[in-house]
Amino acid sequence: MRYRITHTTHYRYSTPVRLQPHIIKLCPRSDGSQWLNHFEASLSPEPTQQHYCLDVCGNTSLQVTFQAPLEHWSIKTISEVTTQRENPFDYLSEPWAIQLPIDYPSRLASQLRPYWKLPMGIGVDDAASPTVLALAQELQQAVKGNVGYFLTRLTQQIPARCEYQQRQEGMPHPAAVTWQQKLGSCRDFTVLFIAVCRAVGLAARFVSGYQEGDLESDAPNDLHAWAEVYIPGGGWRGFDPTLGLAVADRHIAIAAATTPQEAAPVIGKLRRTTETELYNPLSTALDSHIHIKALGQ
């Protein structure tokens with residue numbers, strides 16, 4: 001599928017602020033499952049300095065710097081992407097990676113360690129949570145340790161047993177909280193999915209991007225989140241625990257990272273312009289509009 005995505009984000013502050021260098025991750029990936037045909041980004045006001053770079057996770061990042069105080073600023077990106085993967089299961093797993101637990105070769109294990117050893121929560125090792133471990137063991141026993149069935153069952157169990165809640169701002173909830181409350185947003189479900197995968201030794205990472213949605217509707221889309229699991233023989237493969245399906249050609253990935261924070265679309269800090277404003281509360285308004293148009297096969 002070929003898509004054209006127009007994404008506009010506006011920030012408004014109650015008082016003038018100075019932005020420290022910000023990192024913008026809104027450029028879709030170009031890899032084996034999708035090709036980036038065109039990308040352009042415009043900011044208003046224009047930054048004093050800007051440059052593109054490749055971050056430690058392999059994501060294209062735009063770093064911008066502003067000198068003058070701002071009360072508002074906006075980002076507009078236009079992307080054209082061709083997605084390639086019609087069949088999300090077009091691979092053969094390595095024979096040694098079909099059953100849990102997987103005994104990774106030492107060289108591969110050292111490369112994947114950040115994706116199956118790093119805690120997902122804020123100061124909490126979600127993968128070691130008793131709630132998460134119980135869910136992981138329940139699913140592992142139900143599928144008799146089969147990796148493919150485990151991932152499929154987990155992808156379907158989360159939306160079947162949890163209620164979706166739209167929540168555009170804020171950090172993801174810890175995995176145990178989401179499962180206990182049976183409630184969450186797409187990023188909450190993704191953190192839960194990753195934590196359960198890591199609890200059984202599967203390397204998993206957080207992905208932010210776009211999902212096709214209802215192309216017949218005029219309503220704007222939202223940024224979406226899902227997970228990727230490293231499957232020996234298949235590489236990084238996407239699973240969407242919000243929609244309950246394996247990721248194919250209806251998802252457009254922007255950034256993937258070990259944590260949700262590293263895959264955030266905009267990263268940076270700000271500070272007030274004068275000390276006299278420290279006693280007045282600072283409010284921030286965020287307004288984002290995403291429109292996705294299918295251009296054909």
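Among the aliphatic types (A, V, I, L, M) and out of contact with any strand residue (DSSP E or B) (no Cβ under 9 Å at 6 or more places or on another chain): which single residue out of 70, 92 fits that description?
Matching residue, one of 70, 92: 92.
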Where a residue in segment 168-182 is part of a loop (DSSP other than H, G, I, E, B) and its partner, wherever it lies, is at pLDDT below 90 and open to solvent by 60 Å² or more (accessible area, probe 1.4 Å), with Cβ under 8 Å and at least six apart: 168/222; 168/286; 169/286; 171/122; 174/122; 174/124
Residue 178, sole failed condition from (1) polar (S, T, N, Q); (2) touching a helix residue (DSSP H, G or I) at 6+ places or on another chain (Cβ under 6 Å); (3) over 23 Å from residue 208 (Cβ atoms): (3)
Set 169, 80: member being of a type in the set (Asp, Glu) and under 30 Å from residue 282 (Cα atoms): 169
Some residue of segment 34-53 being open to solvent by less than 30 Å² (accessible area, probe 1.4 Å), at pLDDT below 95 and within 24 Å of residue 235 (Cβ to Cβ): no
Residue within segment 96-111 that is without any contact (Cβ under 8 Å) to a residue 12 or more places away in the chain, open to solvent by less than 70 Å² (accessible area, probe 1.4 Å) and over 30 Å from residue 266 (Cα atoms) present: yes
Residue check for residue 183: open to solvent by 30 Å² or more (accessible area, probe 1.4 Å), under 23 Å from residue 173 (Cβ atoms) and at pLDDT 90 or above: yes
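To keep it simple, each residue is scored yes or no on (1) under 15 Å from residue 239 (Cβ atoms); (2) buried (at least 24 other Cβ atoms within 10 Å of the Cβ); (3) modelled with pLDDT of 95 or more.
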position	(1), (2), (3)
144	no, no, yes
147	yes, no, yes
154	yes, yes, yes
161	no, no, yes
170	no, no, no
189	yes, yes, yes
215	no, no, no
Among (1) modelled with pLDDT of 95 or more; (2) among the hydroxyl-bearing types (Ser, Thr, Tyr); (3) under 20 Å from residue 8 (Cα atoms), the one test that residue 242 misses: (3)
Breaking point among (1) in contact (Cβ under 8 Å) with a residue 60 or more places away in the chain; (2) in a strand (DSSP E or B); (3) open to solvent by less than 20 Å² (accessible area, probe 1.4 Å), for residue 249: (2)
Candidates 198, 205, 272, filtered to the one that is at pLDDT below 90, in contact with a helix residue (DSSP H, G or I) (Cβ under 8 Å, 6 or more places away or on another chain) and not β-branched (Val, Ile, Thr): 272
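The values are calculated or read from the model by the stated rules, or taken from the named source; none is laboratory data. Just so we're clear, the structure is a prediction, and the values are computed from it rather than from any experiment. Neighbour counts run over all protein chains shown; Cβ positions are idealised from the backbone, glycine included. Calculation scope for accessible area: heavy atoms of the full protein, side chains included, ligands and nucleic acids excluded. Shrake-Rupley method; radii C 1.70, N 1.55, O 1.52, S 1.80 Å.
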